[in-house]
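The values are calculated or read from the model by the stated rules, or taken from the named source; none is laboratory data. Only a predicted model underlies this, so the values are computations on that prediction, with no experimental measurement involved. Cβ placement follows ideal geometry from the backbone for every residue including glycine, while neighbour counts extend to all protein chains displayed. All accessible areas refer to the heavy atoms of the entire protein, side chains included, with ligands and DNA or RNA removed. Shrake-Rupley method; radii C 1.70, N 1.55, O 1.52, S 1.80 Å.
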Amino acid sequence: MTASPYIVAVTGGIASGKSAVTARFEQLGVPVIDADLIARELVEPGEVALAEIVQRFGRGVLDLQGRLDRRQLRQRIFSDASARRDLEAILHPRIRERMRERALAADAPYVVLAIPLLTAGSRYPFIDRVLVVDVPEALQIERLTRRDGVDEDAARAALAAQISRSERLALADAVIDNSGSLETLATAVDALHAGYLQQASRRAESGA
């Protein structure tokens with residue numbers, strides 16, 4: 001019997017530095033499957049998900065070339081919780097399934113899934129461990145205003161649209177503090193990598 005792959009989910013709040021963490025895993029040779037990239041694939045012209053989005057939100061969310069106008073769609077859902085839930089109902093099950101398929105197909109001791117919007121109700125039963133990338137809220141706001149050129153009120157609104165820091169930390173099997181240097185971050189990821197390799201090896205030996 002072939003062991004199922006060992007799967008680690010990486011999540012974190014906006015501007016917490018998840019990309020830096022997953023980039024380090026990639027440098028270590030770990031396959032990273034990104035939910036955001038899969039979401040973009042799912043709304044390409046011809047995809048069923050795009051047709052369902054147009055049916056729900058109207059053709060106004062398409063640009064002149066018939067592609068999804070992400071800015072327009074973001075504006076539609078940003079302050080409308082019902083619309084946001086409808087969009088999630090279209091995309092999230094498909095994202096989960098495509099991530100699962102790619103994780104199962106990966107040829108590596110373990111796989112990292114980058115899932116920015118992971119919550120307690122996200123229904124990823126195939127995940128073995130959750131790694132939360134964490135920084136203080138003040139640092140998130142500072143990074144967000146600098147990165148996106150928005151004011152503090154807009155940055156706080158972006159944070160408020162996500163689950164709280166405490167809710168996110170409650171999901172964690174491990175937490176990585178990304179408030180320091182890239183060198184410090186790399187050292188922390190390297191240590192986690194060694195641990196995940198051991199856990200994946202035990203999984204393979206047990207044939208689970």
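Ratio of Rg to Rh for the chain: 0.98 [Cα atoms; Kirkwood radius as inverse mean 1/r over pairs].
When ARG102, ARG147 are compared by accessible area at a 1.4 angstrom probe, the order from most to least is ARG147, ARG102. For the stretch 112-208, the share of accessible area belonging to carbon and sulfur comes to 52 percent (1.4 Å probe, ligands and nucleic acids excluded).
Of the solvent-accessible surface of the stretch 16-81, computed with a 1.4 Å probe over protein heavy atoms with every protein chain present, carbon and sulfur atoms account for 47 percent. If only the Cβ of Lys and Arg carry +1 and only the Cβ of Asp and Glu carry -1, the dipole of the chain around its Cα centre is close to 420 debye.
Determine Rg/Rh for the stretch 1-106; Rg is computed over alpha-carbon atoms and Rh is the Kirkwood hydrodynamic estimate from the same atoms.
Value, to two decimals: 1.03.
So for the stretch 2-47, Kirkwood radius off the Cα pairs, Stokes-Einstein at 20 °C and 1.002 mPa s: how many µm² s⁻¹? Reported coefficient: 169 µm²/s.
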